[in-house]
1. How do the pairs read when you match residues in the range 335-362 that are more than 30 Å from ASP427 (Cβ to Cβ) and among the charged types (D, E, K, R) with residues anywhere that are part of a helix (DSSP H, G or I) and open to solvent by less than 50 Å² (accessible area, probe 1.4 Å), using Cβ under 6 Å and keeping only pairs 6 or more apart or on different chains?
2. Considering only residues of the range 169-181 that are surrounded by fewer than 17 Cβ atoms within 10 Å (Cβ to Cβ) and closer than 18 Å to ASP199 by Cβ, which is modelled with the lowest pLDDT?
3. Among the candidates LEU471, LEU454, LEU481, single out the residue that is out of contact with any Ser or Thr (no Cβ under 8 Å at 6 or more places or on another chain), open to solvent by less than 30 Å² (accessible area, probe 1.4 Å) and over 17 Å from VAL405 (Cβ atoms).
4. Looking only at residues that are hydroxyl-bearing (Ser, Thr, Tyr) and either touching a Cys at 6+ places or on another chain (Cβ under 7 Å) or outside any strand (DSSP E or B) (or both) in the range 284-321, which one is surrounded by the fewest Cβ atoms within 10 Å (Cβ to Cβ)?
5. Scan the range 486-500 residue by residue and report those that are open to solvent by 40 Å² or more (accessible area, probe 1.4 Å) and either touching a residue at least 24 places away in the same chain (Cβ under 8 Å) or among the basic types (Lys, Arg) (or both).
6. Hey, can you tell me all the residues within the range 249-283 that are among the acidic types (Asp, Glu) and part of a helix (DSSP H, G or I)?
7. Which one of these is modelled with pLDDT of 95 or more, within 31 Å of the chain's Cα centre (by Cα) and charged (D, E, K, R): ARG127, ARG162, ARG154?
8. Condition (residue is among the acidic types (Asp, Glu) and more than 30 Å from TYR181 (Cα to Cα)) applied to the range 201-210: is it met by at least one residue?
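The values are calculated or read from the model by the stated rules, or taken from the named source; none is laboratory data. Computed from a prediction, not measured in an experiment: that's the story for all the values here. Using ideal geometry, Cβ is built from the backbone for each residue, glycine included, and neighbour counts are taken over all protein chains shown. SASA here: full protein model, heavy atoms, side chains in, ligands and nucleic acids out. Shrake-Rupley method; radii C 1.70, N 1.55, O 1.52, S 1.80 Å.
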Amino acid sequence: MRKIIIAGAVIAAGAVGYMVNQQGESGSSEYSPLAYVPADSVIFSGQLESFPLKDYLNSTMFPQAKIPDDLLEELDDGTDPKERFFASLVKSYFEAAHSVESFQKTFGLPDQIKTFVYAVGFMPVVRYQVTDEQGLWAVLDKAEQESGFKHEARTLNKLVYRAYSFESNAKGEKFEVLVAYENGWATWTINTHVNTESDVELALAQTKPAASLQDAGILEDIQTKHGFINATLSYLDHKGLVTAFTTADGNRLASMLTKAMEMEGKGTDLDRVRTAECQAEMGAMAANWPRTVAGIRSHDDLKITSERSYMKAALVVESNNKVVLDALTSMQGFIPSYLSEAQVFGMGLGLDANKLGPALSSIWSNMLEPSYKCEPLLEMQADIQQANPAALGMFTGMAQGVKGVAVGVQDFSISMDSSAPKLNSLDGIVSLSAEDPAVLFNMAKAFVPQLAQLQLPTDGSPVDLSTIMPLPTEVDIKPMLALKGKHLVVYNGEKGKAIADQLAGETVESNGLLSFSVDYKKMFEPILPILEMAGDPEVTEQLDVLKNMDMRVKMDINLNEQGILIESEADIKAP
């Protein structure tokens, strides 16, 4: 059962995550789903502009692999009707995912779609547009027929909806999944023993909250502050979460948690933080880190056609703590420009070793500065006090002047002509950027005896490392070591050499914290023949998926005046 739950959770999370990234038009110009979203929802993800779903699926939904045999066996072994109901839904997903047309038809999804994910207290609500109501019910009917697990038809006002009861006992505990359809919208939510009937009415969009997200100005504030367009907006409300845990009824989530603890006889679990001191002190911490928000900043960052989908999104962990934010910003180091160019794989860590110790000391002092009365915060401070960042002094002394390290693979090929695979070619580079990289190289000689005999030319001329580094015959490379301006580099191949020469003119500056990128097609194509040699049927099926995966992803982390910024890109072409 546990494996089935985990597998289903993965699929459900993937489906919700997928829908969260979609947008579409409302069926009526007068109808606004935002009017039914409570303003105190601690989580929200929704779309405000139309989105070409069918084009997105055509360009990104390459034929999915069949359901793994071990998972299929696990699903078929279940005897409990609830397990078999869930197993049928999992199998329906895999069966439908072999083509765009099948996927849309099976789940009744339109060419244009709009989705909202939010919470009524801790009741998750997923609402999305469907054009075929029967498609929605057919999947559930099939699962009922195959499992014997039936729904209960209920009516709320004029809305007829389904309730699937997964738990109901003598203690009054219950857990139900509710599914409804109305006016072109499907709604999924839950019903438990700790929410009220009025909460169910809210979740099923039969009544409007006293304060709605449409009128609260929260989304407008996020857009204005971060420059997001009306494509997709998401947030996690840290202040709302703190209110839920430190108060008995400060918001709808707090009230539900209180009732849940009382019914389970665990009221004392939250007593330690539900004090006036914790409410004030944790509330102040949440005010310094109020929200995590996400969105898209330009229509150029969202280009969807049937041949290609390009998306660039920004996620910001908002911060009002200037001391900590300034300290984190000062730690940022150098990310070389070659990581922004197309390549097989790239990763860079920008870290200013000279600023690392002072920055962590500043953060450490800031966390110890408040005189807390809240017991859990006092314990946290005691633990922090044990981790004095002064111990980093030895490390930063050895890495004096280091600004960042990066690695990039521009190209590679593998030969299968012999009995064993051979790395036939490699274009790549590893770079260390510092104020005086020559000094660091001379320090490294004390720890790597093989380097002691090398004299590194200051004019940028390379030194052949293969003379002191015996390489196996299966690896046909000739790594070169060179000093290029403020960068110590090890490279191989003509493309690696070109990047090394380019680095010589790059000024080391604070421009980022972390960068990561990968081109799946360029990475997997050379190694597919090796994997195919295994001859495992299951592996072969997975390889068929990889062959069709023409996708590039990139992620950058840095800091600005608003907080911690994570930018992610995905560029996917149709197979």
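1. Going by the 6 Å Cβ cut-off, the qualifying pairs are LYS355/SER330; LYS355/MET331.
2. GLY172
3. Answer to the check: LEU454.
4. Once the filter is applied, the top-ranked residue is SER298.
5. LYS486, VAL490, GLU494, LYS495, LYS497
6. Those that are among the acidic types (Asp, Glu) and part of a helix (DSSP H, G or I): GLU262, ASP269, GLU277, GLU281.
7. None of the others qualify; the one that does is ARG127.
8. The answer is no; no qualifying residue exists.
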